[in-house]
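Enquirer: Sharing a structure with you now.
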Amino acid sequence: MSILEDGWNAIKGGAVSLGKGAISAAKRGAEASFEAGEGVVDGALKIGAGVTEIGDEIYEWGKDAYDYIEKIVKWAECIQWVENSTWWGAVAGIYILRSQKVIKNAGQCQKYAKAGGRIAELVGSSSLPPSFVRCACNVAFAMPLPESATSTQAPPATAVPPTPTAIDVISRSTDKMDVTAVASDGAIITAAWESGDQGWRGWWSIAAGVTLPGSSVTLISKAPNELDGFMTGLDGGIYTAAWAPGDQEWRGWWRIGDLVAVPNTRVGAVSRAQGMLDVVAVGADGGVYTAAWAPGDHDWRGWWRITEGTTVPGMPVTVVSKAPNELDVFMTGLDGGIYTAAWASGDQAWRGWWRIGDLVAVPGTRIGAIARSQGLLDVVTVGADGSVYTAAWAPGDQAWRGWWQIAGGVTLPGTPATLVSKAPKELDVFLTGVDGRICTAAWAPGDADWRGWWAIGDLRVAARTPVGVESRSSGLIDVFVAGVDMNVYTAAWAPSDQDWRGWWALA
């Protein structure tokens, strides 16, 4: 944080002569940009090519604070944004894209935003006032570039900005839930609840595991009351830990094979039959790989590459089992298309990848998928236009059906959407809206269309925050998110409820 602090000190010092009101506004806006705006900056770092060559110099504009804050004061319409954290983050993100020659001038910046391009990916410009983007573009292009940003760069590849911490949840038996998260220091922690508890128990460390802060840990239950966790370590290896009744603490972490992934890579996992586990992950080469565990095994088998599919390294792949000993995986390809591959007992190799329709999403967008009954598959994702779409597969189908927009819902491109089935053939989808509230929509047999969107309470979280969802018994849904205050929050729905209950912070 030293560079960010240096930038703030420069802003504070350079703005002294602008008047008490302007100084106060600049201070609050700058402080907010270093807190809430970091996700937008990180998004621009992902989008830009050759970013590591610029490194800390990206923030050298902080030393020229006086000049651009003075311009903000002169641009009267921009004063309203000085205290807005998202705006300050957008300024820094646009500046990075400018330094990478993605955007060449302020006019082009505004055109990108109106066309739903890279700026829209960063700040969701279609839902913000025109002055927000106009002012952010003007200020970002008023700053001098660092010397290293003037060299020729290769065209960048668009990718989803890093999402906030994911909270994973699993029900290992009826009315029992376990959640996992990665703490700010990288420690892997878990908490538990079961019927009769007055509150959540935990947090406990999972086998002293440590990973990169902001990473996700995937939980799976391969048999009643058993738990297995998966994560990518600091060295890029894929690791697992386990807990079973009678254990005094978690066992692990053990490395699965020698696959190397980008740190922060989400590991997909599923149990296709009791006692069996399958995991998928994107390697550092962009290939999609899988490994397996069966009862009686003394070590994991794999990694095997799933045909020749390739995506953005570090991006998530989703795996589900629609019937015993069957597997389906889903990912967003380099071209933004949604792709799937399949394996069933008796197959000598994976089949696919097949593209699902012609929908285009931001490369790296996480796909939500679920089998709402045997043989039936539903997937959900957010398109490059920010709309929420779903597609379906049923036994006998020769091709996927869809994409259909879900109840006109729109959010930031790249936002992960989560599906759950709380009863046979029923579907509920959850995601973080543009305003940071957790929103949901529902579908049940007989419905002509999806119903929703409804906001769950007043809790607001960071943009693109993943929503953990579980149905611990028929008709019940529990949702979990990481708050901006680093707490984990949960809300619940039961069949007799007229509205959602919560949010409660997990102690």
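Enquirer: So, in segment 249-258, of the ones that are assigned to a loop (DSSP other than H, G, I, E, B) and not aromatic (Phe, Trp, Tyr), which residue ends up surrounded by the fewest Cβ atoms within 10 Å (Cβ to Cβ)? Give the derivation first.
Expert: The first filter runs over segment 249-258 and keeps only residues assigned to a loop (DSSP other than H, G, I, E, B), leaving 249-250, 256-258.
Next, from what is left, pick out any that are not aromatic (Phe, Trp, Tyr): 249, 256-258.
On the way: GLU249: 11, ILE256: 23, GLY257: 15, ASP258: 8.
The residue in question is ASP258.
Enquirer: From the list GLY409, GLY452, GLY402, exactly one residue is under 25 Å from TRP353 (Cα atoms), at pLDDT below 90 and of a type outside the set (S, T, N, Q). Which is it? First the steps, then the outcome.
Expert: Working: GLY409 fails: under 25 Å from TRP353 (Cα atoms); GLY452 fails: under 25 Å from TRP353 (Cα atoms).
Result of the check over GLY409, GLY452, GLY402: GLY402.
Enquirer: When only residues in segment 482-491 that are open to solvent by 20 Å² or more (accessible area, probe 1.4 Å) and either assigned to a loop (DSSP other than H, G, I, E, B) or in contact with a helix residue (DSSP H, G or I) (Cβ under 9 Å, 6 or more places away or on another chain) (or both) count, which is nearest to VAL469 (Cα to Cα)?
Expert: The selected residue is ASN487.
Yes or no, residue by residue, for (1) under 21 Å from the mean Cα position of the chain (by Cα); (2) open to solvent by less than 10 Å² (accessible area, probe 1.4 Å):
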| site | (1), (2) |
| --- | --- |
| THR332 | yes, yes |
| ALA344 | no, no |
| GLN348 | no, no |
| LEU359 | yes, no |
| THR365 | yes, yes |
| GLY368 | yes, yes |
| ASP378 | yes, yes |
| ASP385 | yes, no |
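Enquirer: On to the next question. Given the criteria open to solvent by less than 10 Å² (accessible area, probe 1.4 Å) and in contact with a Lys or Arg (Cβ under 7 Å, 6 or more places away or on another chain), does THR411 qualify? Steps first, please.
Expert: Values: open to solvent by less than 10 Å² (accessible area, probe 1.4 Å): yes; in contact with a Lys or Arg (Cβ under 7 Å, 6 or more places away or on another chain): no.
No; evaluated as a whole, the condition is false for this residue.
Enquirer: In addition: Among the residues of segment 206-219, are any at pLDDT 90 or above and either among the acidic types (Asp, Glu) or exposed (fewer than 15 other Cβ atoms within 10 Å of the Cβ) (or both)?
Expert: Scanning segment 206-219, I find at least one residue that is at pLDDT 90 or above and either among the acidic types (Asp, Glu) or exposed (fewer than 15 other Cβ atoms within 10 Å of the Cβ) (or both), so the answer is yes.
Enquirer: In this structure, is THR232 β-branched (Val, Ile, Thr) and out of contact with any Asp or Glu (no Cβ under 7 Å at 6 or more places or on another chain)? Steps first, answer last, please.
Expert: On the way: β-branched (Val, Ile, Thr): yes; out of contact with any Asp or Glu (no Cβ under 7 Å at 6 or more places or on another chain): yes.
So THR232 fits the description; yes.
Enquirer: Would you check if there is a residue in segment 492-501 being closer than 29 Å to PRO363 by Cα, touching a residue at least 12 places away in the same chain (Cβ under 8 Å), open to solvent by less than 50 Å² (accessible area, probe 1.4 Å) and part of a strand (DSSP E or B)?
Expert: No, there is no match, as no residue in segment 492-501 is closer than 29 Å to PRO363 by Cα, touching a residue at least 12 places away in the same chain (Cβ under 8 Å), open to solvent by less than 50 Å² (accessible area, probe 1.4 Å) and part of a strand (DSSP E or B).
Enquirer: Going through ALA261, ALA284, ALA273 one at a time, which residue ends up being open to solvent by 10 Å² or more (accessible area, probe 1.4 Å), outside any strand (DSSP E or B), touching a Gly at 6+ places or on another chain (Cβ under 7 Å) and at pLDDT below 95?
Expert: Working: ALA261 fails: open to solvent by 10 Å² or more (accessible area, probe 1.4 Å); ALA273 fails: touching a Gly at 6+ places or on another chain (Cβ under 7 Å).
Answer to the check: ALA284.
Enquirer: Taking the stated definitions as given, is ALA166 out of contact with any strand residue (DSSP E or B) (no Cβ under 6 Å at 6 or more places or on another chain), crowded, with 23+ Cβ neighbours inside 10 Å, under 26 Å from ASP485 (Cα atoms) and modelled with pLDDT of 55 or more? Before you say what the answer is, go through the steps one by one.
Expert: Numbers: out of contact with any strand residue (DSSP E or B) (no Cβ under 6 Å at 6 or more places or on another chain): yes; crowded, with 23+ Cβ neighbours inside 10 Å: yes; under 26 Å from ASP485 (Cα atoms): yes; modelled with pLDDT of 55 or more: yes.
Yes.
Enquirer: Out of segment 387-396, which residues are out of contact with any Asp or Glu (no Cβ under 8 Å at 6 or more places or on another chain) and open to solvent by less than 40 Å² (accessible area, probe 1.4 Å)?
Expert: Result: SER387, VAL388, TYR389, ALA394.
Enquirer: Any idea which residue in segment 435-467 is nearest to VAL388 (Cα to Cα), counting only those that are among the acidic types (Asp, Glu) and in a loop (DSSP other than H, G, I, E, B)? Explain how you work it out, then say what you get.
Expert: So the first thing to find is which residues in segment 435-467 are among the acidic types (Asp, Glu), and the list is 435, 447, 449, 458.
Then keep just the ones that are in a loop (DSSP other than H, G, I, E, B); that gives 435, 447, 449.
Numbers: ASP435: 16, ASP447: 18, ASP449: 14 Å.
Once the filter is applied, the top-ranked residue is ASP449.
Enquirer: Would you say ALA191 is over 22 Å from GLY364 (Cα atoms), modelled with pLDDT of 85 or more and either open to solvent by less than 30 Å² (accessible area, probe 1.4 Å) or not in a loop (DSSP other than H, G, I, E, B) (or both)?
Expert: Yes, satisfied.
Enquirer: Where residues in segment 414-438 are in contact with an Asp or Glu (Cβ under 9 Å, 6 or more places away or on another chain) and of a type in the set (Gly, Ala, Ser), which of them is surrounded by the most Cβ atoms within 10 Å (Cβ to Cβ)?
Expert: Here the residue is GLY414.
Enquirer: Can you go through ASP197, ASP228 and tell me which one is assigned to a loop (DSSP other than H, G, I, E, B) and either among the acidic types (Asp, Glu) or in contact with a helix residue (DSSP H, G or I) (Cβ under 6 Å, 6 or more places away or on another chain) (or both)? Quick ask: steps written out before the conclusion?
Expert: Numbers: ASP228 fails: assigned to a loop (DSSP other than H, G, I, E, B).
The conditions single out ASP197.
Enquirer: While we're here: Cβ-Cβ under 7 Å, sequence separation 6+ or interchain: first residue in segment 436-448 and hydroxyl-bearing (Ser, Thr, Tyr), partner open to solvent by less than 20 Å² (accessible area, probe 1.4 Å). Which pairs?
Expert: So the pair list comes out as THR440/ASP428; THR440/VAL429; THR440/PHE430; THR440/ILE456.
Enquirer: So which residues in segment 293-329 are modelled with pLDDT of 90 or more, in a strand (DSSP E or B) and buried (at least 18 other Cβ atoms within 10 Å of the Cβ)?
Expert: TRP293, TRP303, ILE306, THR318, VAL319, VAL320, GLU326, LEU327, ASP328, VAL329
The values are calculated or read from the model by the stated rules, or taken from the named source; none is laboratory data. Remember, predicted model here, so these are calculated numbers, not experimental data. Every residue, glycine among them, receives a Cβ derived from its backbone with ideal geometry; neighbour counts consider all protein chains shown. Ligands, DNA and RNA are stripped out before the accessible areas are found, and what is left, the full protein with its side chains, is counted by its heavy atoms. Shrake-Rupley method; radii C 1.70, N 1.55, O 1.52, S 1.80 Å.
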